[in-house]
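Only one structure is covered here, and it is reproduced in the block below.
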Amino acid sequence: MLTFKIYVLSAWLSFSDQADIFLLPCPFKYLTGADCPGCGFQRSVIALAHGDLKESLNFYPPAIPLLVTLAIVLTAKFRSAKLSDSFIKVLYLITGSTVLIHYLFKITTHYLPAWLPGFHLHV
């Protein structure tokens, strides 16, 4: 059993060093040239898997609320735990709000100055 765990750990480490090769391209960014609300999530999760919280937050801050919500909801579903519908709705609301706020901040600080000549936002 220990040999299997060592094998899985070494396979994971060799894969995670080359994970950038397997990232899925964003069709929204390909078509529009602008980031979608989820751009950065894959790199954020990879940084989190490497234990680099700061880098993960730099790539995509909503990744952690998304992963926590996913873990809670899936755990409750597969363990037949009774979570109230209102609790799950609050989790979804917090996560969705985090994604929306992050995306609006990214658009106003990165893309509006390029799209609108003379537009400067002082943050």
Discussion item. When you check Ser44 against the structure, is it open to solvent by less than 40 Å² (accessible area, probe 1.4 Å) and either modelled with pLDDT of 90 or more or closer than 23 Å to Ile107 by Cβ (or both), yes or no?
Written reply: yes
Practice prompt. Could you check how many residues of region 45-101 are in contact with a helix residue (DSSP H, G or I) (Cβ under 6 Å, 6 or more places away or on another chain) and more than 27 Å from Asp35 (Cβ to Cβ)?
Written response: 1
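The values are calculated or read from the model by the stated rules, or taken from the named source; none is laboratory data. None of the values given here were measured: they were computed from a predicted structure. Positions of Cβ are generated from backbone atoms using ideal geometry, with glycine treated the same way; all protein chains shown enter the neighbour counts. Please note that ligands, DNA and RNA were not included when accessible areas were found on the heavy atoms of the full protein model with its side chains. Shrake-Rupley method; radii C 1.70, N 1.55, O 1.52, S 1.80 Å.
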